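Undergrad: Got a structure for you, written out below as structure tokens; questions coming shortly.
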């Protein structure tokens, strides 16, 4: 019955979000809705294992009026499991502010977090074998 679930983030500027997710998660644009004014309205980004949609705030609210908001108030975080955690941390730390420094969790993960341009938190995690 169910095949997958994909997050659609409400964003202020689709172009800015696309550039961020291309740089941080190495996602490529699969599809986008053309510009209406100065910015894209919607984009689907993906790579071999991750898929994410981003949609301009007013455009999304027009489609789903219940989501209308004056200001974007992120209420979700994206939890991303990774390989080669230490290398990823070093690469991101050199180019982007770290929101939560590296730490170990009670559930056995090594994690750090950043926030995207709209305030959505991306947590990167690696679990130890055994």
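The values are calculated or read from the model by the stated rules, or taken from the named source; none is laboratory data. Keep in mind that what you see is a predicted model, and the values were worked out from it rather than measured. FYI the Cβ positions are ideal-geometry reconstructions off the backbone, even for glycines, and counts take in every protein chain you see.
Undergrad: Those residues that are surrounded by 14 or more Cβ atoms within 10 Å (Cβ to Cβ) and either in contact with a helix residue (DSSP H, G or I) (Cβ under 9 Å, 6 or more places away or on another chain) or at pLDDT below 95 (or both), I need them from segment 83-97; list them, please.
TA: Hits for segment 83-97 are 92, 96.
Undergrad: I need the full set of residues from segment 111-128 which are surrounded by 14 or more Cβ atoms within 10 Å (Cβ to Cβ), without any contact (Cβ under 8 Å) to a residue 24 or more places away in the chain and assigned to a loop (DSSP other than H, G, I, E, B), in order please.
TA: Hits for segment 111-128: nothing passes.
Residues checked against (1) under 12 Å from residue 116 (Cα atoms); (2) at pLDDT 95 or above:
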{"residue": "23", "(1), (2)": "yes, yes"}
{"residue": "34", "(1), (2)": "no, no"}
{"residue": "65", "(1), (2)": "no, yes"}
{"residue": "81", "(1), (2)": "no, yes"}
